[in-house]
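Quick note: the coordinates plus some simple rules give every number you see, no bench work behind them. All figures in this text were calculated on a predicted structure; none of them were measured in a lab. Positions of Cβ are backbone-derived with ideal geometry, glycine not excepted, and every protein chain shown enters the neighbour counts.
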Amino acid sequence: MLFGERWKAIFRGGGSPATPPLPHSSRYASARETRSIRAAPESSSNVRRSPGLEQFFHMVRDTAGLWMLDLSAASQSNVSFVTNLGHRLYTVDLVRTLDETYPAESFFEAQGNPRLAQQVVDQSLNFPAHQFDGALVWDCLQYMAPALLETVVDRLYEILRPNAYLLAFFSAEERAVTVPRYLYRIADGRTLLLVPQEHRALSQHFTSRHLERLFGRFQQIKFFLARDSLREVLVKR
Amino acid sequence: MWNRRKDNEDPAPRTSSSYPRPSPTPPPSSEYAKEGIPMSTTPSRAYEPEMYRGSAVIGKSVVVKGQIYTREDLLIDGEVEGGTIESQEHKLTIGPNGRVHANIKAREIVVLGTVNGNVEASDKIDIRKDARLTGDIKTARIVIEDGAYFKGSIDIMKAEAKPQTPPLRTPPPPAEPGPPPAAPGSPK
């Protein structure tokens, strides 16, 4: 009975709120297990003002017929918002591709495999060079180990046109091992609706220096840090 | 064992024309109690039975290889491979068991199952929860439910301005009331 209650509490997300830091070598698998059993603590959507999104759409709103890439699960609000601006949208759920490609028990270790990394790129980002005028990457990149991350960012660089913009989110919490994952729904040009999903393990902590190195090939990088410890990054190709 | 009731058997796949339309008023309960009369001949589905109304149906045990052209609403709950499916002026529904590997063109498309192919709807595409669509979409309107999987591009077509039909012309009234025309055969 008590055992059942405990599991109910875990499934409701009522486990201990602070996840203790784990040794680097074992943290990936343990965190991955955590991802699969713990629900996000919030049950309703959060509204968030997004200066990064505002600037992103400020750059693309005056020209119609642009190609936008959305790397989250398809949603009515994002599709409607982008297409109402007169743009065309390509949507692909990159995190889902990661989950389908890499086994849960060695999620981050397997990302070092170059053949699988190429498979992810071929499945999700197989576009001609300079196809897109903007990319909404959301928080996908923070769930990738360095080897895969580099391959994906290189591919994003290839498929974006010069002067195109890319919007990505990274957790700014220095000690976080797992973070709640959200689906980002565009409410309007400056507001996002955050729909809570599961908790996921971070591949690493991303400092400003890390991000500058990661997007080193791009022209410009701009950071927006908000109270909720989500660092918004707007990058110009 | 001997008196096996027919109402326990699964109804065989049928075309829509043989499906009885659900009547607004149910028959009296005494009729249900009669031996040998099936309790319900409509298939028990998790999705709305109105999908069947007026539609041709490709049942879930049917596999079609090749091109489909239809001039009525069509529900595909089976498998279609290759070619194209065209239902230009009508509604096409891919049921929850439907698996389509083909390009689709229709007025309205509702996806509950799996589609691999490019999809073009002159009016609307509706991708329901648990549906999987991989391909490029071209449509005037789109609805995507949360939980649906979609991978591909979305191109929203602007609604085409319908060619204006000239207003019906009524013959102008005669300027001056004259004598009525003589009926044929009448004496002058």
Under Karplus coefficients 6.51, -1.76 and 1.60, residue-wise ³J(HN,Hα) of the range A:232-237 in Hz, glycine/proline x: 8, 10, 10, 10, 9, 6
Cβ-defined net charge surrounding B:I58, 9 Å radius [Lys, Arg +1; Asp, Glu -1]: -1
For B:I94, net neighbour charge (Lys/Arg +1, Asp/Glu -1) across residues whose Cβ lies under 13 Å away: -1
Global geometry of the range B:58-99, whether rounded, prolate or oblate, following the gyration tensor of its Cα atoms and the 1.5 cut on a/c: oblate
Long-range HN-HN contacts of A:D70 with modeled amide H, under 5 Å: A:Y90, A:T91, A:V92, A:L136
Integer Hz, Karplus 6.51/-1.76/1.60 couplings in order for the range B:102-115, x for Gly and Pro: 6, 7, 10, 10, 7, 6, 9, 10, 10, 10, 10, x, 10, 10
Amide proton proximity set for A:M144, modelled H, under 5 Å, gap of 5+: A:S203
Peptide A:73-84, shielding by other chains (average Cβ, 10 Å cutoff): 5
Residues with amide H under 5 Å from that of B:H90, placed H, sequence gap 5 or more: B:R107, B:E108
